[in-house]
Amino acid sequence: MFKRILLVLLSACFFLAACQEKIVLTTEPSFPPATATPVPSATFDWFPKTPTPVRDASPTPVLLEITRVVADEDFFARDDFSDESLWQIESSTAGTIAYGDKMLTLAVAGGRQSLTSLSAHQLPSDFYLEINLDMLMCSTGDQYGLILWNNSQAGTFRLWLNCDGKIKLDRVLPSGISQLVNWQPGRRLQPGSPANNRVAILAKEGLLEVYVAETLQFSYELHARPEGVLGVIAQSGGELPMTIHVSDLQIMIP
């Protein structure tokens, strides 16, 4: 009897299982997780371009040099100061004028003393002159320069430079001294000491032009056509002595 009941139960189970709707479990298809599209990274510039610095277009001073071919016949005189008969020398309480190695030295004692040396060189009314006036020792108030056309009918012209870097022109007449060009700052004139100054003078057709280091200082209109001797002069302005060297003289037809 028990076996029969068990058999009926088993048959019922099989019947119910056959009648039950078959359930199929499905799973959603899996996809790999979405990843962001990579954005190209900026390439690091190890040598970045920088703007090239541009200098200001400031004008550059240009020294204009005039070259002139000079023949021997164009020279009135060339003096390297080796001929000791061409300039006056002196030894006194005012100081000493003496020849050195291709130069003439004026050593002025202190106490407002002055020395003058006239040469054997005659200056015509028209000429071009170059000469070195080099200060070895000077102080404020000291002055030095050139004597032009000494004792001519128009007077004695004197070109002065001083140790403060200024320049002037005067004229000595029997009636006194007249200032033709007052003291003015010299362009490219070396002041003090030691100082090396190349002075040039052009006298032509009634006009006198003065240059230092190839730079025009001033012009002066002459009212006569003087002729006379060339000289040099130095004058101390205080109690201290002063010394100047004169060398390399050239006098030419302008």
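Tell me, yes or no, whether segment 87-101 has at least one residue that is among the β-branched types (V, I, T) and either touching a residue at least 40 places away in the same chain (Cβ under 8 Å) or at positive phi (or both).
Checked segment 87-101: no residue is among the β-branched types (V, I, T) and either touching a residue at least 40 places away in the same chain (Cβ under 8 Å) or at positive phi (or both).
Determine whether segment 222-236 contains at least one residue that is among the aliphatic types (A, V, I, L, M), in a loop (DSSP other than H, G, I, E, B), modelled with pLDDT of 95 or more and surrounded by fewer than 20 Cβ atoms within 10 Å (Cβ to Cβ).
Checked against the condition, which is being among the aliphatic types (A, V, I, L, M), in a loop (DSSP other than H, G, I, E, B), modelled with pLDDT of 95 or more and surrounded by fewer than 20 Cβ atoms within 10 Å (Cβ to Cβ), segment 222-236 yields at least one hit.
Which one is surrounded by the most Cβ atoms within 10 Å (Cβ to Cβ) among residues in segment 105-151 that are under 21 Å from G192 (Cα atoms) and of a type in the set (G, A, S)?
Out of the qualifying residues, it is G145.
Yes/no matrix, rows are residues, columns are (1) within 21 Å of the chain's Cα centre (by Cα); (2) not aromatic (F, W, Y):
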residue: G145; (1), (2): no, yes
residue: N151; (1), (2): no, yes
residue: F157; (1), (2): no, no
residue: W160; (1), (2): no, no
residue: C163; (1), (2): yes, yes
residue: L169; (1), (2): no, yes
residue: Q179; (1), (2): no, yes
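The values are calculated or read from the model by the stated rules, or taken from the named source; none is laboratory data. Predicted model, so just to flag it, every value in this text is computed and none were measured. Quick reminder, even Gly has a Cβ in these numbers, built from the backbone with ideal geometry, and neighbours come from all protein chains shown.
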